[in-house]
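I have placed the structure first, in the form of C-alpha cells, so that the comments after it can refer back to it.
The values are calculated or read from the model by the stated rules, or taken from the named source; none is laboratory data. Predicted, not measured: the structure shown is a model, and the values here were computed from it. Every residue, glycine as well, gets a Cβ built from its backbone with ideal geometry; the counts of neighbours run over all protein chains shown. All accessible areas refer to the heavy atoms of the entire protein, side chains included, with ligands and DNA or RNA removed. Shrake-Rupley method; radii C 1.70, N 1.55, O 1.52, S 1.80 Å.
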Amino acid sequence: MLKSLALIAALAAGPAFATGLDIEIAGEANGTIHIDLADDVAPNHVAHIVKLANEGAYDNVVFHRVIDGFMAQTGDVEFGKQGVDAFSMQAAGRGGSQYDDLAAEFSEESFESGVVGMARSQSPDSANSQFFIMFAPAPHLNGQYTVVGKVTSGMDVVFNIKRGTGPNGAVIGAPDVMTKVTVTE
C-alpha cells in the first residue's frame, strides 16, 4: 500500500513523459539531444510536434535565434529549413507550418535549464512549429509560454549551439542545424 502511494505521489510530482524526440545537431554543436515530451502537460502541442517530426518537417531546420544564458530557438519549418526555396536566415523565425496555430496550454511547469517551450508572437494562441530550449532558468516565462518537454540527454550539445548576436540573438553566418528529428517512444 505504501509503495502504491509513493508511486502515485512520484507520478503526480511532475509531468509524465511517454513520447520523445531525438534531435541530431550539426554545426558548432555536434551530437544528439533527447527530449522527453510532456504529453500530459501540453497534449495538443506535443501531438503537433510529433506530427511535424514524423513528416520530416524539422529535418534541416536551423537554430535562428540563440541568446547566451537564455535559450536556443529553432523549428521554423517554413523559412528556416535549409535546402528549400523558401529558406532565408533573414526570414527564419517569422514562419510556422501549414497547420493552424495552437491554443495555449499553460501549466505550472517552470522554465528551468533544459526545458523546451513553444515560441509564439504576442498572442498566447499563436504557437505553431517553433520551439526553444532553455540554457538557464527563466521564471518570467512561467505561465506565459507552453512547456512541451525537457532535454534528458545531450545538454552538453545544447550548450554548444552557436550563439547569436545582439539583444535578439540573431544568428549570423552558418547556423547550427537540426539535421534529423526522430520521434521515439
Worksheet item: What single numbered condition from (1) without any contact (Cβ under 8 Å) to a residue 60 or more places away in the chain; (2) touching a Leu at 6+ places or on another chain (Cβ under 9 Å); (3) open to solvent by 50 Å² or more (accessible area, probe 1.4 Å) fails to hold for Glu78?
Response: (2)
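Here is a list: Glu109, Glu55. Which entry is open to solvent by 20 Å² or more (accessible area, probe 1.4 Å), among the charged types (D, E, K, R) and touching a residue at least 60 places away in the same chain (Cβ under 8 Å)? I'd like the intermediate steps shown before the answer.
Numbers: Glu55 fails: touching a residue at least 60 places away in the same chain (Cβ under 8 Å).
Criteria check complete, one pass: Glu109.
From Glu105, Glu112, which residue is under 12 Å from Met71 (Cβ atoms), out of contact with any Lys or Arg (no Cβ under 6 Å at 6 or more places or on another chain) and modelled with pLDDT of 95 or more? I'd like the intermediate steps shown before the answer.
Working: Glu105 fails: under 12 Å from Met71 (Cβ atoms).
The unique qualifying residue is Glu112.
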Discussion item. Suppose we filter Gly169, Gly96, Gly173 for residues that are on the phi > 0 side of the Ramachandran plot, surrounded by 13 or more Cβ atoms within 10 Å (Cβ to Cβ) and of a type outside the set (A, V, I, L, M, F, W, C); which single one remains?
Written reply: Gly169
Worksheet item: What number of residues in segment 145-158 are farther than 24 Å from Glu55 by Cβ and either modelled with pLDDT under 95 or surrounded by fewer than 14 Cβ atoms within 10 Å (Cβ to Cβ) (or both)?
Response: 1
Worksheet item: So which of Ser121, Ser110, Ser97 is closer than 18 Å to Val41 by Cα and part of a loop (DSSP other than H, G, I, E, B)?
Response: Ser110
